[in-house]
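Here the structure is laid out as structure tokens; the discussion comes afterwards.
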Amino acid sequence: MTDFRSLLRRDYPLPLVAAVLTVLNALLFHGPFFSYLTDHVQSSANGVLIWVSWLLILLAVNYLGFVLTLFLGRTVGKILIGISMVINAGCLYFIHTYDVMLDDTMMGNVFNTQYSEASSFASWSMLAYLLTLGLLPALLLGWVKIRYGSWRNFALSVGASLGGTVLITFANMPNWTWVDKNSTVMGSLLLPWSYIVNAVRYQIHEYDAHREEILLPDAVWVDNGRRAAVLIIGESARRDHFSLYGYPQNTNPLLNATERITCYEAESAATYTTAGVKAILDSQESDERYEILPNYLHRMGVDVTWRTSNWGESPLHIDQVEHRSDLQRRYGEDCPYDELLTRGLDSLIARSPSDKVLVVLHTSTSHGPSYYSKYPERFETFTPVCRSVEMGECSHEELIHAYDNTIVYTDYLVHEVIRQLEGLEGWTSTVFFVSDHGESLGEGNLYMHGVPRSIAPREQYEIPFIVWVSDTAPQPRPQAGVGQHHVFHSLTRFLGLDSPVYRADRDIFR
Ligand SMILES: [Zn+2]
């Protein structure tokens, strides 16, 4: 013990401390990086070249980072590196447990996650990661005395590591296509660079997205009747687990027995919430911030209400936005489930001062990983269910049971809305259920969603698009190639508006 203390009391030259940190960083946090690398290079001389080059670049870049942060930051530098170790440990836990990719999209999810969602991930093994891989080395670093040396030595260290990085990079020129093809995944496994770079990228993107909304051209009314539409935005609902789409388990007992239901085999535009919801509400594919469906219809005189137990939608410029807490107060119910969103819809529509009503329900029912907590007990149709937040801990069957129960509950929610609209007299009405994206349930060892759309497995983008109409409404037509952008055009026209941006080829009623 005395020996250990005297080791800590001695002071060490900066290059040595940076070198130890570099090796520790590679050993503790880059297991997934090196196993990805090993899996994706050929077993040839060139494969070995790529592998060794990446190892050297990783070491050189991290060494450079540590030298710069410590020499320029001193105590602040130590604190920053300590914090990054704790975050690295947390990231490693998520990479190991959920196979997440720390790209800019995932950083967006992190910034948009509420405490309630984040806390559902907490577990003992996460705490163990944070303490042993993060806090312990961070405290040791805090303790160690560093001899920072002269500016001249600092310049030598920086020059050597920078020169080494450039040299290896250019020596590897023939392999740049391999790097390009694998860069997204590789980059996301480099800690702490993945979350630092991608957090900055995400914030730049966010700044961009919060520009003023570009207004769409005004529409004209071509129908005077009383029309109501309810758009239910699903969360992580994958199509192939709906018996309406042929799933062998009966996950849709109520909708299966409902008349005037049309199901489209749709695909989502993205695999994460903000982009999926944007595509459902937008008139076109665009990175620009065009006026979204509820804002546009509200401006045209439609009575629009937005009810949500979720988040991630673009800014709403309407009068009635109701969160779960508002509804709990109004209906005097402590209900933690999505059925709260459906309360009193019929009277909301019947009492409307307008002849045109749109209600959007932004649900959260199938959001992982705690599927078992998203439905009331009476909907636990399939058992036993997975009750752990670490999906790898459950049997595949238990996980599927928990997820399928959320679909059974979704079936009830959609049916409940239909039941209320069916009881409305004098209204022509429709109900849309469209999911924001799909969900992986362990296929190819992937869980949840968020894999970039271009390389995502089909489970993450094959979504249900279910339409019900009242008996006086136009019938939806069978169509192929239906996507989330069909919602805007179909509902605008259904409510009786003709807009210059309207596209008949995206109207399911045409
Ligand atoms: Zn989502």
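The values are calculated or read from the model by the stated rules, or taken from the named source; none is laboratory data. All figures in this text were calculated on a predicted structure; none of them were measured in a lab. Positions of Cβ are generated from backbone atoms using ideal geometry, with glycine treated the same way; all protein chains shown enter the neighbour counts. Only protein heavy atoms, including side chains, enter the accessible area calculation; ligands, DNA and RNA are left aside. Shrake-Rupley method; radii C 1.70, N 1.55, O 1.52, S 1.80 Å.
With R330, R324, R289 as the choices, which residue is in contact with a helix residue (DSSP H, G or I) (Cβ under 9 Å, 6 or more places away or on another chain), without any contact (Cβ under 8 Å) to a residue 40 or more places away in the chain and open to solvent by 10 Å² or more (accessible area, probe 1.4 Å)? Steps first, answer last, please.
On the way: R330 fails: in contact with a helix residue (DSSP H, G or I) (Cβ under 9 Å, 6 or more places away or on another chain); R289 fails: without any contact (Cβ under 8 Å) to a residue 40 or more places away in the chain.
Among R330, R324, R289, only R324 is in contact with a helix residue (DSSP H, G or I) (Cβ under 9 Å, 6 or more places away or on another chain), without any contact (Cβ under 8 Å) to a residue 40 or more places away in the chain and open to solvent by 10 Å² or more (accessible area, probe 1.4 Å).
Could you tell me which of the residues T251, T273 is buried (at least 24 other Cβ atoms within 10 Å of the Cβ) and modelled with pLDDT under 95? Before the answer, list the steps.
Values: T251 fails: modelled with pLDDT under 95.
When all the criteria are applied, what remains is T273.
Being within 13 Å of the ligand (Cβ to nearest atom) and more than 30 Å from R227 (Cα to Cα) is the filter here; which residues of the stretch 431-450 pass it? Give the steps one after another, and end with the answer.
So in the stretch 431-450, the residues within 13 Å of the ligand (Cβ to nearest atom) come out as 434-440, 448-450.
Result: G438, E439, S440, M448, H449, G450.
Could you check the stretch 306-320 and list, in sequence order, the residues that are surrounded by 15 or more Cβ atoms within 10 Å (Cβ to Cβ) and either farther than 24 Å from P336 by Cα or of a type outside the set (V, I, T) (or both)?
Taking the stretch 306-320 as the starting set, the residues that turn out to be surrounded by 15 or more Cβ atoms within 10 Å (Cβ to Cβ) are 306-314, 316-318, 320.
Within the stretch 306-320, W306, R307, S309, N310, W311, G312, E313, S314, L316, H317, I318, Q320 qualify.
Need pairs with beta-carbon distance below 6 Å; first residue more than 12 Å from L281 (Cα to Cα) and within the stretch 293-315, second basic (K, R); sequence gap 6+ or separate chains.
V302/K356; S309/R324
Would you mind finding the one in W143, W124, W221 that is among the hydrophobic types (A, V, I, L, M, F, W, C) and without any contact (Cβ under 8 Å) to a residue 40 or more places away in the chain?
On the way: W143 fails: without any contact (Cβ under 8 Å) to a residue 40 or more places away in the chain; W221 fails: without any contact (Cβ under 8 Å) to a residue 40 or more places away in the chain.
W124 is the lone residue from the list that is among the hydrophobic types (A, V, I, L, M, F, W, C) and without any contact (Cβ under 8 Å) to a residue 40 or more places away in the chain.
Given the options S268, S309, name the one that is touching a helix residue (DSSP H, G or I) at 6+ places or on another chain (Cβ under 6 Å), within 16 Å of the ligand (Cβ to nearest atom), farther than 18 Å from Q484 by Cβ and modelled with pLDDT of 95 or more. Give the steps one after another, and end with the answer.
Details: S268 fails: farther than 18 Å from Q484 by Cβ.
Selected residue: S309, the only one of S268, S309 that is touching a helix residue (DSSP H, G or I) at 6+ places or on another chain (Cβ under 6 Å), within 16 Å of the ligand (Cβ to nearest atom), farther than 18 Å from Q484 by Cβ and modelled with pLDDT of 95 or more.
Please work out which residue is farthest from H485 (Cα to Cα), limiting yourself to the stretch 436-460 and to residues that are assigned to a loop (DSSP other than H, G, I, E, B) and hydrophobic (A, V, I, L, M, F, W, C).
Of the stretch 436-460, the ones assigned to a loop (DSSP other than H, G, I, E, B) are 436-439, 442, 446, 449-452, 456-457.
When the remaining residues are screened for being hydrophobic (A, V, I, L, M, F, W, C), the result is 446, 451, 456.
Numbers: L446: 27, V451: 21, A456: 20 Å.
For the stretch 436-460, the residue satisfying everything is L446.
Based on this model, can you work out whether G344 counts as within 16 Å of the ligand (Cβ to nearest atom) and at positive phi? Break it down stepwise before answering.
Numbers: within 16 Å of the ligand (Cβ to nearest atom): no; at positive phi: yes.
The answer is no for G344.
Any idea which of E459, E439 is in the same structural domain as S236 (by TED's automatic domain parsing), open to solvent by less than 10 Å² (accessible area, probe 1.4 Å) and within 15 Å of the chain's Cα centre (by Cα)? Steps first, answer last, please.
On the way: E459 fails: open to solvent by less than 10 Å² (accessible area, probe 1.4 Å).
After applying the criteria, what remains is E439.
Which one of N153, N88 is closer than 29 Å to S454 by Cα, in a helix (DSSP H, G or I) and among the polar types (S, T, N, Q)? Don't jump to the end; show me each part of the working.
On the way: N153 fails: closer than 29 Å to S454 by Cα.
Result of the check over N153, N88: N88.
Could you count how many residues in the stretch 227-265 are more than 16 Å from the ligand (Cβ to nearest atom), of a type in the set (A, V, I, L, M) and not in a helix (DSSP H, G or I)? Give the derivation first.
Of the residues in the stretch 227-265, the ones more than 16 Å from the ligand (Cβ to nearest atom) are 227-230, 240, 242-265.
Remaining after also requiring of a type in the set (A, V, I, L, M): 228-230, 244, 254-255, 257, 261.
After this cut, where a residue has to be not in a helix (DSSP H, G or I) as well, the list is 228-230, 254, 261.
Qualifying residue count, the stretch 227-265: 5.
Table: residues versus (1) in contact with a His (Cβ under 7 Å, 6 or more places away or on another chain); (2) open to solvent by less than 10 Å² (accessible area, probe 1.4 Å); (3) in a helix (DSSP H, G or I); (4) not basic (K, R).
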position	(1), (2), (3), (4)
D346	no, no, yes, yes
V360	no, yes, no, yes
T381	no, no, no, yes
P384	yes, no, no, yes
A402	no, yes, yes, yes
I407	yes, yes, yes, yes
V414	no, yes, yes, yes
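The conditions are (1) within 16 Å of the ligand (Cβ to nearest atom); (2) over 17 Å from the mean Cα position of the chain (by Cα); (3) among the hydrophobic types (A, V, I, L, M, F, W, C), and A275 fails exactly one of them. Which is it?
The number of the failed condition is (2).
Go through the stretch 44-54 and give me each residue that's open to solvent by 50 Å² or more (accessible area, probe 1.4 Å) and hydrophobic (A, V, I, L, M, F, W, C).
Within the stretch 44-54, A45, V48, L49, W51, V52 qualify.
Looking only at residues in the stretch 254-270 that are open to solvent by 60 Å² or more (accessible area, probe 1.4 Å) and under 28 Å from the mean Cα position of the chain (by Cα), which one is farthest from E462 (Cα to Cα)?
E265
Quick test for you: out of D240, D282, pick the one residue that is more than 27 Å from A473 (Cα to Cα), acidic (D, E) and open to solvent by less than 60 Å² (accessible area, probe 1.4 Å).
Working: D282 fails: more than 27 Å from A473 (Cα to Cα).
None of the other options fit; the residue is D240.
What number of residues within the stretch 404-462 satisfy the criterion of being more than 30 Å from K356 (Cβ to Cβ), at pLDDT 95 or above and of a type in the set (K, R)?
So the count comes out to 1.
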